[in-house]
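Below is one structure, written out as structure tokens; the observations come after it.
The values are calculated or read from the model by the stated rules, or taken from the named source; none is laboratory data. Every value quoted in this text rests on a predicted model; they were computed, and no experiment measured them. Neighbour counts are summed over all protein chains in view; Cβ atoms, including those assigned to glycine, are modelled from backbone coordinates with ideal geometry.
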Amino acid sequence: MPISIKSMLACGCLVAVTALSMGCSPRRIPPMSVSDLMEDRVLLDGVLMKCNRDPAKARSTTDCLNARIAIERLAAQVDPAEEAKRAEDFERSREQLRALQDKQRQEQEAKNPKVDAYHLPVIPVDPVPPPKDPQSPTVSRTNR
């Protein structure tokens, strides 16, 4: 059974279209491994932001799952001695800052002393003179 030119052209076109569609489709990017995410914190933050933006899609994505595992592993790696040293350094720097701010506040108060209302001199206040009109009701009540 001889193959006609039409069928050969049709098969050739079909093969060409299939090859072009396979060649033009984007290749699937493999998911990030947990160790890659643990090494690159910027990439880990980017993946987590993408996952948090679309939570419904994130539950099924392997990148999101790997990022969460990487976060858990990084959190477990914190050394208690290092954490204690970091807290001690923070407390020391906070005390230094407090001492500096106290010194600046005392200098400011020395330049501009506060006015204490309880220690101001007392100014005598003259009583209001009574009205001169004898017909006023307040005068008539006080005279009786």
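Condition first: touching a Leu at 6+ places or on another chain (Cβ under 9 Å) and among the charged types (D, E, K, R). Can you find one or more residues in the stretch 69-92 that meet it?
Taking the stretch 69-92 as the starting set, the residues that turn out to be touching a Leu at 6+ places or on another chain (Cβ under 9 Å) are 69-71, 74.
Then drop every residue that is not among the charged types (D, E, K, R), which leaves none.
Looking through the stretch 69-92, none of the residues is touching a Leu at 6+ places or on another chain (Cβ under 9 Å) and among the charged types (D, E, K, R).
How many residues are at pLDDT below 75 and over 19 Å from THR62 (Cβ atoms) when one looks only at the stretch 1-41?
10
I need a count of the residues in the stretch 49-68 that are surrounded by 14 or more Cβ atoms within 10 Å (Cβ to Cβ) and over 20 Å from ARG28 (Cα atoms).
1
Quick test for you: out of VAL42, VAL128, VAL47, pick the one residue that is outside any helix (DSSP H, G or I) and among the β-branched types (Val, Ile, Thr).
VAL128
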